[in-house]
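What follows is a set of notes on a single structure, which appears directly below.
The values are calculated or read from the model by the stated rules, or taken from the named source; none is laboratory data. This is a predicted model, so every value here is computed, not measured. With ideal geometry, Cβ positions are generated from the backbone for all residues, glycine too; neighbour counts draw on all protein chains shown.
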Amino acid sequence: MVQYRQRVEAAAKHLQQRVGAPPRVGILTGTGLGESAGALTVHDSFDYGEIPHFPVSTVESHRGRLLFGDFGGVPVTIMQGRIHLYEGYSPLEVTFPIRVMRQLGVSDLILTNAAGGFDTTCRPGDIMLITDQINLTGTNALIGPNEADWGIRFPDMNQVYAPDLQALARTGAESCGIRLREGVYAGLTGPSLETPAEVRYLKAIGADAVGFSTVQEAIVAVHAGMRVLGLSILTNINDPDRPVPATVEEIIAVANQAAPRLEALIREVLRRMARRG
């Protein structure tokens, strides 16, 4: 853990020496959403491979760039593409960028992803506000020695997703004319998509959407004292009684089509955050 901490600090120091104003908000974009940063005034940009010890995304549609700039009047850093367990990375590696963000001064984290939805009244491309999560990855990024000044040993997970940020998202969606769904996100390891039996199980335990990311990052963010907002683009709707094959290409296409609306919503949330101070 000492070596891991040293790597986090080395990555943060490398960035601090090269960027201007420290970011207040971190934004992590998921599958097909790497271009949803058009409203960002970019001051600095780094490929993940340029940053010491930073894990590099191996998934197509995840660009692998860390941007710094101004988005909606708020200094932000945006990850264009994330790291996944199914790529062979450990939970510590998956959440390494979150630790670096916190070291840089990020206090609020916006997690976005592409997910499969279960509510047949939803349409592909709908945006879902994540109200809670279920970690079904079989692991946890907090396993191992605890760094006490990074967070407490047993963080409370009663409110993973900050109620005040959820409220901003609801009012922001209303002002933008965006229909905002709400629900519980289940995180699996992947990369195989769900069987009909697995979809029935997920629905039975209270999940409204499923994906292969987000839960580990959210756990570490809570441990680090960050406020978290989660937004899923529902790229496909899973009906176990009428299963339809899904392809990654189709999922990416739907995410790309929905990205401008997600960007508009995030911009509105940040604008309201800036106004609130």
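How many of the residues in region 98-135 are surrounded by fewer than 22 Cβ atoms within 10 Å (Cβ to Cβ) and outside any strand (DSSP E or B)?
The qualifying residues number 11.
Condition check ((1) at pLDDT 90 or above; (2) closer than 14 Å to residue 29 by Cα; (3) under 16 Å from the mean Cα position of the chain (by Cα)) across all residues:
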site	(1), (2), (3)
196	yes, no, no
216	yes, no, yes
244	no, no, no
257	yes, no, no
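Within region 43-57, is there a residue that is polar (S, T, N, Q), part of a strand (DSSP E or B) and farther than 19 Å from residue 142 by Cα?
At the first step, the residues of region 43-57 found to be polar (S, T, N, Q) are 45, 57.
Checking which are part of a strand (DSSP E or B) leaves us with 45.
This time we only want the ones that are farther than 19 Å from residue 142 by Cα, so: 45.
Yes: region 43-57 contains one or more residues that are polar (S, T, N, Q), part of a strand (DSSP E or B) and farther than 19 Å from residue 142 by Cα.
Residue-by-condition table, conditions (1) over 22 Å from residue 258 (Cα atoms); (2) out of contact with any strand residue (DSSP E or B) (no Cβ under 8 Å at 6 or more places or on another chain); (3) touching a residue at least 24 places away in the same chain (Cβ under 8 Å):
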| site | (1), (2), (3) |
| --- | --- |
| 90 | yes, yes, no |
| 95 | yes, yes, yes |
| 100 | yes, yes, yes |
| 131 | no, no, yes |
| 145 | yes, yes, yes |
| 157 | yes, yes, yes |
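Identify all residues within region 80-124 that are modelled with pLDDT under 95 and on the phi > 0 side of the Ramachandran plot; write none if there are none.
Once the filter is applied, which keeps residues that are modelled with pLDDT under 95 and on the phi > 0 side of the Ramachandran plot, region 80-124 yields only 81.
Return the total of residues in region 72-83 being assigned to a strand (DSSP E or B) and farther than 11 Å from residue 43 by Cα. Quick ask: steps written out before the conclusion?
Keep residues of region 72-83 that are assigned to a strand (DSSP E or B), which gives 74-80.
So of that shortlist, the ones also farther than 11 Å from residue 43 by Cα come out as 74, 78-80.
Counting residues in region 72-83 that are assigned to a strand (DSSP E or B) and farther than 11 Å from residue 43 by Cα gives 4.
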